[in-house]
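J.: One structure follows; several queries about it will come next.
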Amino acid sequence: MAMRYNNKHRSGKSQVLTRATLKAFGTSLLALSLGFGAMSTQVLAQSAAGWPGGKPIRLISPFPPGGTTDQLARLVAQPLSQALGTQVLVENRPGGNGSIGTLAAAKAPADGHTFVFVFDTHGTNPSLIPNMPFDTRNDLSPVMLIATGAMVIVAHKSQPQRSFADLVKSAKSSPGGVNYGTIGSGSLAQLAMTSLSSQMKFPMQHVPYKGGGPLAQDAIAGHIPTAMATTALFSSHIKAGTLFPLAVTSAKRDPVLPDVPTVAEQGLPGFEALAWWGVFAPAKTPPEIVARVNNELAKIFSEPAVRERLTNQGMNLSLSSPELLGKFLDEQISRWAKVIKEHGITAGS
């Protein structure tokens, strides 16, 4: 099936970290780590006592504006500013499958003035990007697992597919399979579709984008025939009739899309792949500051209007402790590393 799609938003080689760039990043990170090592516990405690001290706080979103990660950061910026008594600014630092912005957080001083909102790529990048210039587990402190959510496979309304079985049939009957878009190379959606197509033996051609905003734009315009992303990203377009849902990736049907069967119901029992969103801080950020931000975020996300809004978008709020996020991250890294290795997936594939 030869399909036309707009490649202006696609992730290309420019999104893949070069060896020279990685080396430069690594050198900067090493110098930063040495600097952190010289900071005494007493100094950190003093920093926490005077925090935030009127200094602005950065919330880094490692994806372009318009995606779910960016939406969450912007959702909390104003109420967090009011709660902490200082300016809270959202800073978009897209690229490298979310690793560029996350690196900026890892490099930042551990003084409680930088936090990064991450997506599920945070758990897949360690296995995708060789010689990544920061250690996902050790160079960042977990703050909160905000939510998990199902992903949904959709087709543009102009396409003939009206079920997951239709997609499998179309892929098998088309030379090279069917094009599908995701938020980027190595994204959880790509890994999940790779696992699906491998187990059920139908070909799909991956078209990576530079985040949820650009993907949604091309999906609703019909420039990409099928796509896979969170229900949070696509639910409003599904309800508007622009996109047709074929399957969700949760173990049970998603409350936001109760009429859409799961992948498990449509040929692959036991299959589940959940997107997730979390917040991290630079390593060695004083635990008192991490606890305060965790507490303030829990208050914001627990507001009935906010909870209802996010739940209606398909997010299952977790609002976890920092410790639970750390354990969850370890599980995600281990699980998807196996898929990445088995299928030879890279950040540029």
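The values are calculated or read from the model by the stated rules, or taken from the named source; none is laboratory data. Source: prediction; values computed, not measured. When we count neighbours, we look across all protein chains shown, and the Cβ atoms used for this are built from the backbone with ideal geometry, even at glycine.
J.: For the range 315-323, does any single residue satisfy the condition of being among the hydroxyl-bearing types (Ser, Thr, Tyr), surrounded by fewer than 15 Cβ atoms within 10 Å (Cβ to Cβ), under 30 Å from Ser127 (Cβ atoms) and within 17 Å of the chain's Cα centre (by Cα)?
T.: Checked against the condition, which is being among the hydroxyl-bearing types (Ser, Thr, Tyr), surrounded by fewer than 15 Cβ atoms within 10 Å (Cβ to Cβ), under 30 Å from Ser127 (Cβ atoms) and within 17 Å of the chain's Cα centre (by Cα), the range 315-323 yields no hits at all.
J.: Sticking with this structure for a sec: Can you tell me which condition Ala305 does not meet? The list is (1) surrounded by 15 or more Cβ atoms within 10 Å (Cβ to Cβ); (2) of a type in the set (Gly, Ala, Ser); (3) free of Cβ contacts under 8 Å to residues at least 12 places away in the same chain, and all the others hold.
T.: (1)
J.: Quick one: count up the residues across the range 64-88 that are of a type in the set (Ser, Thr, Tyr) and either over 25 Å from Gly314 (Cα atoms) or assigned to a loop (DSSP other than H, G, I, E, B) (or both).
T.: Looking only at that region, the number is 2.
J.: Restricting to the range 164-203, give me the number of residues that are under 23 Å from Phe63 (Cβ atoms) and not polar (S, T, N, Q).
T.: Looking only at that region, the number is 10.
J.: Taking the stated definitions as given, is Gln71 under 16 Å from Leu297 (Cβ atoms), surrounded by fewer than 16 Cβ atoms within 10 Å (Cβ to Cβ) and at pLDDT 85 or above?
T.: no
J.: Still on this structure, I have one more. Pairs please, first residue from the range 320-349 and of a type in the set (Gly, Ala, Ser), second anywhere and assigned to a loop (DSSP other than H, G, I, E, B) and at pLDDT below 95, Cβ atoms under 7 Å, 6+ apart in sequence or on different chains.
T.: Filtered contacts from the range 320-349: Ala347/Val16; Ala347/Ile129; Ala347/Ser185; Ala347/Gly186; Gly348/Val16; Gly348/Ser185; Ser349/Ser185.
J.: Which residue, of Ser334, Ser250, is within 28 Å of Ser127 (Cα to Cα), among the small types (Gly, Ala, Ser), buried (at least 22 other Cβ atoms within 10 Å of the Cβ) and out of contact with any Phe, Trp or Tyr (no Cβ under 8 Å at 6 or more places or on another chain)?
T.: None of the other options fit; the residue is Ser250.
J.: Can you find a residue in the range 89-105 that is among the hydrophobic types (A, V, I, L, M, F, W, C), buried (at least 20 other Cβ atoms within 10 Å of the Cβ), part of a loop (DSSP other than H, G, I, E, B) and in contact with a helix residue (DSSP H, G or I) (Cβ under 9 Å, 6 or more places away or on another chain)?
T.: Checked the range 89-105: no residue is among the hydrophobic types (A, V, I, L, M, F, W, C), buried (at least 20 other Cβ atoms within 10 Å of the Cβ), part of a loop (DSSP other than H, G, I, E, B) and in contact with a helix residue (DSSP H, G or I) (Cβ under 9 Å, 6 or more places away or on another chain).
J.: Can you give me the number of residues within the range 154-170 that are in contact with a Ser or Thr (Cβ under 8 Å, 6 or more places away or on another chain) and either surrounded by fewer than 23 Cβ atoms within 10 Å (Cβ to Cβ) or not aliphatic (A, V, I, L, M) (or both)?
T.: Adding up the residues that qualify gives 5.
J.: Let me ask something else about it. Filter the range 120-157 down to the residues that are of a type in the set (A, V, I, L, M, F, W, C) and within 26 Å of Val178 (Cβ to Cβ), then identify the one that is modelled with the lowest pLDDT.
T.: Among them, the one singled out is Leu128.
J.: May I pose another question? Test of understanding: among Glu342, Glu288, Glu331, Glu265, which residue is acidic (Asp, Glu), assigned to a helix (DSSP H, G or I) and within 20 Å of the chain's Cα centre (by Cα)?
T.: Glu331
J.: Just the residues that are under 21 Å from Gly176 (Cβ atoms) and buried (at least 19 other Cβ atoms within 10 Å of the Cβ), please, taken from the range 203-222.
T.: Met204, His206, Val207, Pro208, Tyr209, Leu215, Asp218, Ala219 - these are the residues of the range 203-222 that are under 21 Å from Gly176 (Cβ atoms) and buried (at least 19 other Cβ atoms within 10 Å of the Cβ).
J.: Also, quick follow-up: Hey, among Thr285, Thr346, which residue is closer than 22 Å to Thr102 by Cα and either surrounded by 15 or more Cβ atoms within 10 Å (Cβ to Cβ) or among the acidic types (Asp, Glu) (or both)?
T.: That would be Thr285, the only listed residue that is closer than 22 Å to Thr102 by Cα and either surrounded by 15 or more Cβ atoms within 10 Å (Cβ to Cβ) or among the acidic types (Asp, Glu) (or both).
Listed here are the residues, each with its yes/no results for (1) within 19 Å of Trp277 (Cα to Cα); (2) free of Cβ contacts under 8 Å to residues at least 60 places away in the same chain; (3) not aliphatic (A, V, I, L, M).
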site: Asp139; (1), (2), (3): yes, no, yes
site: Ser158; (1), (2), (3): no, no, yes
site: Phe164; (1), (2), (3): no, no, yes
site: Lys169; (1), (2), (3): no, yes, yes
site: Gly184; (1), (2), (3): yes, no, yes
site: Gln205; (1), (2), (3): no, yes, yes
site: Pro208; (1), (2), (3): no, no, yes
site: Leu215; (1), (2), (3): yes, no, no
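J.: On the given criteria, is Gln190 over 14 Å from the mean Cα position of the chain (by Cα), touching a residue at least 60 places away in the same chain (Cβ under 8 Å) and outside any strand (DSSP E or B)?
T.: Considered against the rule, which asks whether it is over 14 Å from the mean Cα position of the chain (by Cα), touching a residue at least 60 places away in the same chain (Cβ under 8 Å) and outside any strand (DSSP E or B), Gln190 comes out as no.
J.: Can I ask one more? Would it be correct to say that Leu167 is in contact with a strand residue (DSSP E or B) (Cβ under 8 Å, 6 or more places away or on another chain) and part of a helix (DSSP H, G or I)?
T.: Yes; evaluated as a whole, the condition is true for this residue.
J.: If I ask for residues that are at pLDDT 95 or above and either touching a helix residue (DSSP H, G or I) at 6+ places or on another chain (Cβ under 8 Å) or of a type in the set (Phe, Trp, Tyr) (or both), which ones from the range 261-272 would you list?
T.: Pro261, Val263
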